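What follows is a single structure, written as structure tokens, with notes after it.
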Amino acid sequence: MPVTIADVAREAGVSKTTVSRVLNTRGEVDAGTAARVREVIASLGYVPSSGAVGLARGSSRTVGMLTPPLTWPWMGEVLQGVVDTVEAAGYGLLLFTCNRGAESVEHFTSRVSARAFDGLLVVEPENTLDTITEMHRKGLPVVLIDDRGHHPEFPSVATTNREGGASAAGHLLAAGRSRPLIVTGRRHFGCVQDRLKGFLEVLPTELIAEGDFTELSGRLAVERQLATGRHFDSVFAHNDLSAAGALRALRAAGRSVPDDIAVVGFDDIPMAQHTEPPLTTVRQPMREMGETAARMLLAHLGGTPAPDEPVVLPTELVIRRSAPMSPAGLRRSPYGD
């Protein structure tokens, strides 16, 4: 069994608080007692945890971060923004990923109870918002990254999903496209609803296929639409992975992109520059979202009140060859219009 602070306190004949004070080099302990505690620490081989050291300081100088699995394509950019900001401030980062569902959440909540970190950054794993909200109500500082339209009662950083959808539609319309197929993400996500609403306000269509943000869902949506024989001259996919699947299906069917069908994605993950053709997409400022959320949390830990309203960062349309700026020079649609 590992040696605990209680073992040290018992062997030295002092309280755990006294041991903590010695660990944190605070001056309330007389020199003789401090020397005895250090001797016991050395003889027992006790290695203090960051949480134990932080108890007497009132701060662990550590931030927690709860995320879905890191296989999410844009998580790396968000995480890098968090890491850069947290480390520059002299804090450590504890990362918790929900790879195993309820088991992962249980492990995470045990670390909250142990006061292993001072505040929490969250990219919300599914079905955890109620748990996180309860932790916040009990006093844990929390900042949510990408609120997905949930608008929690604690601070959050989001992006302009509705405006991003509208910019994709406006670009396709300006390029002469009038019959788009939309491949959404899961419709219960607020970000999906916003992207869809923004797009339809500019370029209405009844061709809407629900996907799940995977490459497979984008490919299947296009394959099914092609099989119906219904005309579409463009695809707006709600993330870049789905757009990559759409490109794959169109290429397999012998359709030229963008001559026959233009494709626009959402996110601008690094892969978007390397599809064939390179993907026009709506860029989410993912690294900036991580940086902004980390700064908000650190400022709050330093005594600055958290903002009452979500911080919303702008999206940006990035034009590449899958949906060029102008329709000039494009071949006539195979549908004859």
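The values are calculated or read from the model by the stated rules, or taken from the named source; none is laboratory data. Values in this document were obtained by computation on a predicted structure and should not be read as measured data. Methodologically, a virtual Cβ is constructed for each residue, glycine included, from the backbone with ideal geometry; neighbour enumeration extends over all protein chains shown. Each accessible area value is taken on the protein alone, full model and side chains, heavy atoms only, with ligands, DNA and RNA left out. Shrake-Rupley method; radii C 1.70, N 1.55, O 1.52, S 1.80 Å.
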Assess whether ARG177 counts as being over 30 Å from PRO324 (Cα atoms) and assigned to a loop (DSSP other than H, G, I, E, B).
-> no
Hey, which of the strands (runs of 3 or more DSSP E) in the range 66-158, taking only ones fully inside, have at least 3 residues that are open to solvent by 20 Å² or more (accessible area, probe 1.4 Å)?
-> 92-97
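Table: residues versus (1) in contact with a Leu (Cβ under 6 Å, 6 or more places away or on another chain); (2) modelled with pLDDT of 90 or more.
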residue: GLU77; (1), (2): no, yes
residue: LEU94; (1), (2): no, yes
residue: VAL105; (1), (2): no, no
residue: THR109; (1), (2): no, no
residue: VAL112; (1), (2): no, no
residue: VAL122; (1), (2): yes, yes
Which of the residues spanning the range 231-267 are touching a Lys or Arg at 6+ places or on another chain (Cβ under 9 Å), open to solvent by 10 Å² or more (accessible area, probe 1.4 Å) and farther than 21 Å from ALA174 by Cα?
-> ALA244, ARG248, ALA252
When the range 268-306 is examined, which residues are found to be in a loop (DSSP other than H, G, I, E, B), farther than 20 Å from ALA89 by Cα and open to solvent by less than 60 Å² (accessible area, probe 1.4 Å)?
-> ASP268, ILE269, THR275, PRO277, PRO278, LEU279, GLN284, PRO285
The range 167-195, residues that are touching a Gly at 6+ places or on another chain (Cβ under 9 Å) and open to solvent by 20 Å² or more (accessible area, probe 1.4 Å) | SER167, ARG186, GLN193, ASP194
Hey, does the range 218-235 have a residue that's part of a strand (DSSP E or B), closer than 17 Å to PRO180 by Cβ and without any contact (Cβ under 8 Å) to a residue 40 or more places away in the chain?
-> no
